[in-house]
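The next block holds one structure in the form of structure tokens; read it before the comments.
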Amino acid sequence: RALGFKGGRILEGSAGVGNVLGLMPRDFSERSSIHAVEKDTTTGGILSLLYPDADVDVKGFEDTKIENGSIDLAITNVPFVPGLHVKDSTCDRDLSNRFKDIHNFCIAKNVRKLRDGGIGIFITTAGTLDSTGKLYRWLTTDGNSDIVGLFRMHNETFGGTNATSDIIVVR
């Protein structure tokens, strides 16, 4: 809301059972079309039942085709599996080649889907910002994004994980 979002096309690229969607302000969801992606078939089935008005793809984000520049808000807790490398089967193969780790790939693919002025909000591990800076450089050059904020969260923010998490906000 503070960034000017009032509704539009929303993408949740790693939706799980829809916790992010479930916490969305009602006026946002009422004025938006939601596209949610979840790879796990059981979790994706639950997501489909909980959010029948959303367009739910039960497959990997790397296999999901979404038009570039078509999303107003991309928001997700990106998947993090150490050492997992994905191969995009859509027109974003270059991103999966450039960003070997799934979390950096997912952030880049989400950003590519944003329209000019669109907002991206990503929860990721500290490893994203603590790494080589490759994603950061891509965001501000090829990704054509302005970084609105980078936030390091306390280790206990996401109870029970004991992981340091970061939130990246781009426009």
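The values are calculated or read from the model by the stated rules, or taken from the named source; none is laboratory data. Because the structure is predicted, anything quoted here is derived from the model rather than measured. Ideal geometry is used to build each Cβ from the backbone, glycine not excepted, and the neighbour counts take in all protein chains shown. SASA here: full protein model, heavy atoms, side chains in, ligands and nucleic acids out. Shrake-Rupley method; radii C 1.70, N 1.55, O 1.52, S 1.80 Å.
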Cα-only radius of gyration and Dmax that characterise region 1-86, units Å: 12.9, 39
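Which pairs break 24 Å Cα to Cα here: LYS6/LYS100; LYS39/LYS65; LYS59/LYS134? Display every interim value, and only then the final one.
Details: LYS6/LYS100 34 Å; LYS39/LYS65 14 Å; LYS59/LYS134 27 Å.
Cα-Cα > 24 Å for LYS6/LYS100; LYS59/LYS134; rest within.
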DSSP-defined antiparallel bridges as percent of all bridges, the chain, nearest 5: 45 percent
Given a Förster radius of 45 Å and the C-beta distance between LEU50 and THR132 as r, what FRET efficiency does 1/(1 + (r/R0)^6) yield to the nearest 0.05? 0.75
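Going by a ≥ b ≥ c, the root eigenvalues of the Cα gyration tensor, does region 80-171 fall in the rounded group (a/c under 1.5), the prolate group (a/b larger than b/c) or the oblate group? Kindly include the intermediate steps, with their values, before the conclusion.
Details: a/c = 1.97, a/b = 1.26, b/c = 1.55.
In terms of gyration-tensor shape, oblate.
Where does each of MET153, MET24 land when they are ordered by accessible area, with a 1.4 Å probe and the largest first?
MET153, MET24
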Given a 1.4 Å probe, the accessible area of region 1-136 per residue, as a whole number of Å², is 49 Å²
Working only with C-alpha atoms, what are the Rg and Dmax values of the chain, expressed in angstrom? 15.0, 40
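Please compute the length gained on full extension between GLU30 and ASN68, using 0.36 nm multiplied by the number of residues separating them and subtracting their Cα-Cα distance. Spell out each step's value before the answer.
Numbers: separation 38, 0.36 × 38 = 13.68 nm, distance 2.36 nm.
Here the segment from GLU30 to ASN68 would lengthen by 11.3 nm.
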